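The values are calculated or read from the model by the stated rules, or taken from the named source; none is laboratory data. Every value quoted in this text rests on a predicted model; they were computed, and no experiment measured them. No Cβ is skipped: glycine too gets one built from the backbone with ideal geometry, and neighbour counts run over all protein chains shown. Please note that ligands, DNA and RNA were not included when accessible areas were found on the heavy atoms of the full protein model with its side chains. Shrake-Rupley method; radii C 1.70, N 1.55, O 1.52, S 1.80 Å.
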Amino acid sequence: MAGGAEPLLAVSGLVTEFPARHGTVRAVDGVSFDLRRGECLGIVGESGSGKSVTALSIMGLLQKGNGRVVGGQIRFNGADLLSLSSRDRQQLRGADLAMIFQEPMTSLNPVFTVGQQIAEAVRIHKRLGRTAARRRAVEMLDLVGIPDPHRRVDSYPHQLSGGMRQRVMIAMALSCDPKLLIADEPTTALDVTIQAQILELLRDIRKRLGTAIIMITHDLGVIAELADRVIVMYASRIVETGSVRALFKNPQHPYTQGLLRSMPRLDEDRDRLDQIEGSVPNPTAWPGGCRFHPRCGFSRDICSSAEPPTVRLAEGRQSACWRHVDYDPGQARPNLAEVRA
Amino acid sequence: MTDAGPLLVAEDLRKHFPAKTGALFAGHDTVRAVDGVSFTIERGRTLALVGESGCGKSTVSRLVLRLIEPTDGRVMFDGRDLTKLSAEALRKARQDFQMVFQDPYASLSPRERVSDIIAEPLRVHNAVDGRRAQRDRVVELLERVGLSAWHGDRFPHQFSGGQRQRIGIARAIALNPKLVVADEPVSALDVSVQSQVINLLSDLQVEYGIAYLFVAHDLAVVKHIADTVAVMYLGRIVEIAEKRALFARPHHPYTQALLSAVPNPDPDARRSQIVLAGDVPSPTRVPSGCRFHTRCPIAQEICRRVDPAPQTVADDHAVACHFAKPHPIPADRPAGADRA
């Protein structure tokens, strides 16, 4: 951990399960990472990788009777989140911890003005009076770049465009000065020119308020634009972690390599894209051993039989692949204690 | 059959929809979804239509197939005016142009086996003689798109998104069409599967000489697959050019903004340099003069008054802007470069 100070968020060994027709499905399986104060961490993955469920587990927003955290620990700002009462967690949520989603229309209440919705949060969490709360709402709308905030504060969500609604969501999320903002695909439903506006806004907010951000996305370009560090998830596990620069310039895990090479890019001219064969596995039937092995060009015997260790590499990077292990086929299992050191 | 000349010529296509406005005292406005669009698709080549939501690109794709009737303009396909064909003649002509949809979940009937889905166009157009020939053709198509014969006995829900899109493609090429209209065919797919489908479409084009009208919002995908790119804004084509010219020397300020807004997966790259203010205006209230002037960073007085006509700036490169000038975007967008 750089700096030695306690991280803002420390997730270790997180396991989240969902009930399925036969038994349970592990949507998150042993996820661990730290987040420093003010840092922007990207979590990238495809559908079913567990990136959104990781976020919902941190927020405590898994629906009762549905998903459940069954293992691991989440420490946030000194508190052990999983041992808090649901009341205490609710106190935290909206105040120190805030989240925005892909489709702002489904998270806004259509019968209240945006001002009322922002004011509600600050009245609950900051104990502000009616007038002060309204003033705060206008101030927040101004902060997120909504033109004419004194008038817009009385608008209903349907009167705003998609980009404006996402700005309102961000205003609401930031209204109580959270220490951490989790953004789950916040620009996926937006057009590319509006996406550029929202990314610029998030960059600006980091600079001005120092809010830590977890950015969840399937778009590697969005990560490169915004994040300091990135986690790559595949089939409910972390396969690679590193600084954005190191990971994009020199990916170590075969899945990350394949993902970066298969993307069509504006800055390249290629006749043919590389492709990762096969498709993303189904959570009800994760492949044994390394979950990427059926699609991996480097797959060996051990990859289908044993889960690869997470290997620490230079520059604070980690990658979970047997290729990083000096593997002697004569030996049943390599010495993992040595590897992890 | 005329095999000379372009495969498809769209001439001044227009589609205006009536739209109700106001909740109580309803008036009628016109949505000018497509407002004077012309382009040409050469045989075996790909034209990409790009633009943001509401620009009219999907409406154009439906006009080209005559799934909806144009308000004005015509579509010449293989030398014939599609807009004038009788229902029966149009049904016959449809063998030659097929469609692949964005959502492979919604465009395949959930109750039909995959072999029946793929065989349907063969049956409708009596394209093969007998059940055996039909079965052989279905197996051939399945294998051509990277599936296996036994997949034919399954139902769509038993497939992943990428596999379903392969099924949709097999159905589209069953009758050896000359044109396939693909509306956002990879945007619902996972990143690792997108490239498989893009490569498949490229291979099929080389093998069967299919022309594509490729409708997409993702410029990186378009750069990969297109020969010619048309950029649409509010019902109009604002710039059309051969792919390399468009990406290397975009002339229209909207094209330039669109290109610079694409997040670049290179952390050392220069950050977005042109962030457009505001939103796309509603197509019921198209701005006067140049439609883009309300968001344009270089708009002048004339732009508010005069609708710019497309002008040719180079071979096969036309731009509708009063102040069009080339704006090279460096291919590598080097680190440390200044913001413009």
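I'd like to verify a number: residues in the range B:191-228 that are in a loop (DSSP other than H, G, I, E, B) and more than 10 Å from every other protein chain (Cβ to nearest Cβ), how many? Outline the logic, then answer.
In the first step, residues of the range B:191-228 are kept if they are in a loop (DSSP other than H, G, I, E, B); the result is B:209-210, B:217-218, B:226-227.
Adding the requirement that they be more than 10 Å from every other protein chain (Cβ to nearest Cβ) leaves B:209-210, B:226-227.
Adding up the residues that qualify gives 4.
So that you can scan it fast, the table gives a plain yes or no per residue for (1) open to solvent by less than 30 Å² (accessible area, probe 1.4 Å); (2) touching a Pro at 6+ places or on another chain (Cβ under 9 Å):
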residue: B:178; (1), (2): no, no
residue: B:183; (1), (2): yes, no
residue: B:196; (1), (2): yes, no
residue: B:200; (1), (2): yes, no
residue: B:207; (1), (2): no, no
residue: B:213; (1), (2): yes, no
residue: B:221; (1), (2): yes, yes
residue: B:251; (1), (2): yes, yes
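Say whether the condition of being in a loop (DSSP other than H, G, I, E, B) and open to solvent by 20 Å² or more (accessible area, probe 1.4 Å) is met by at least one residue in the range B:233-246. Scanning the range B:233-246 turns up no residue that is in a loop (DSSP other than H, G, I, E, B) and open to solvent by 20 Å² or more (accessible area, probe 1.4 Å).
Is it the case that the range A:166-186 has a residue that's without any contact (Cβ under 8 Å) to a residue 24 or more places away in the chain and hydroxyl-bearing (Ser, Thr, Tyr)? It would help to see each step written out before you state the result.
Restricting attention to the range A:166-186, the residues satisfying the condition of being without any contact (Cβ under 8 Å) to a residue 24 or more places away in the chain are none.
No, the range A:166-186 contains no residue that is without any contact (Cβ under 8 Å) to a residue 24 or more places away in the chain and hydroxyl-bearing (Ser, Thr, Tyr).
Here residue B:283 clears all of (1) touching a strand residue (DSSP E or B) at 6+ places or on another chain (Cβ under 7 Å); (2) open to solvent by 20 Å² or more (accessible area, probe 1.4 Å); (3) away from chain A (no Cβ under 14 Å) except the condition numbered (3). Here residue A:299 meets each of (1) among the hydroxyl-bearing types (Ser, Thr, Tyr); (2) closer than 30 Å to residue A:170 by Cβ; (3) at pLDDT below 95 with one exception, condition (2).
When the residues of the range A:104-122 are filtered to those that are assigned to a helix (DSSP H, G or I) and among the aliphatic types (A, V, I, L, M), the one that is most open to solvent (accessible area, probe 1.4 Å) is A:105. Considering only the range B:171-208, state which residues are of a type in the set (A, V, I, L, M, F, W, C) and farther than 22 Å from residue B:7 by Cβ. Those that are of a type in the set (A, V, I, L, M, F, W, C) and farther than 22 Å from residue B:7 by Cβ: B:186, B:188, B:189, B:191, B:193, B:197.
With among the small types (Gly, Ala, Ser) and either within 14 Å of another protein chain (Cβ to nearest Cβ) or without any contact (Cβ under 8 Å) to a residue 24 or more places away in the chain (or both) as the only criterion, which of B:152, B:162 stands out? Break it down stepwise before answering.
Numbers: B:152 fails: either within 14 Å of another protein chain (Cβ to nearest Cβ) or without any contact (Cβ under 8 Å) to a residue 24 or more places away in the chain (or both).
One residue alone meets the criteria, B:162.
Here's the yes/no breakdown for (1) more than 15 Å from the chain's Cα centre (by Cα); (2) of a type outside the set (Val, Ile, Thr); (3) open to solvent by 60 Å² or more (accessible area, probe 1.4 Å); (4) within 22 Å of residue A:317 (Cα to Cα):
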| position | (1), (2), (3), (4) |
| --- | --- |
| A:27 | no, yes, no, no |
| A:37 | yes, yes, yes, yes |
| A:99 | no, yes, no, no |
| A:102 | no, yes, yes, no |
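The residue that is farthest from the other protein chains (Cβ to nearest Cβ), counting only those in the range B:297-319 that are part of a loop (DSSP other than H, G, I, E, B) and closer than 28 Å to residue B:227 by Cβ, is B:309. Residue B:138 meets the conditions (1) assigned to a helix (DSSP H, G or I); (2) out of contact with any Lys or Arg (no Cβ under 8 Å at 6 or more places or on another chain); (3) closer than 25 Å to residue B:221 by Cβ; (4) at pLDDT 95 or above in every case but one. The failed one is (3). The requirement of being modelled with pLDDT under 95 and touching a Lys or Arg at 6+ places or on another chain (Cβ under 9 Å) is not satisfied by residue B:115.
When the range B:141-160 is filtered for residues that are within 12 Å of residue B:174 (Cα to Cα) and part of a loop (DSSP other than H, G, I, E, B), only B:145 remains. Give the range A:129-142 a look and list any residue that's surrounded by fewer than 18 Cβ atoms within 10 Å (Cβ to Cβ) and of a type outside the set (Gly, Ala, Ser), or say none. A:130, A:131, A:135, A:139, A:142, listed by residue number. Residue by residue through the range A:123-134, note down the ones that are of a type in the set (D, E, K, R) and assigned to a helix (DSSP H, G or I). Those that are of a type in the set (D, E, K, R) and assigned to a helix (DSSP H, G or I): A:123, A:130, A:134. Working only within the range B:176-190, note down all residues that are more than 14 Å from chain A (Cβ to nearest Cβ) and out of contact with any Asp or Glu (no Cβ under 8 Å at 6 or more places or on another chain). Selection gives B:176, B:180, B:181, B:182, B:183. From the list B:327, B:322, the one residue that fits, being at pLDDT 85 or above, assigned to a loop (DSSP other than H, G, I, E, B) and open to solvent by less than 70 Å² (accessible area, probe 1.4 Å), is B:322.
Scanning the range B:90-114 for residues that are open to solvent by less than 30 Å² (accessible area, probe 1.4 Å) and more than 20 Å from residue B:60 (Cα to Cα) yields a total of 3. Evaluation of residue A:154 against the conditions (1) surrounded by fewer than 19 Cβ atoms within 10 Å (Cβ to Cβ); (2) at pLDDT 95 or above; (3) part of a helix (DSSP H, G or I) shows that the sole unmet condition is (3).
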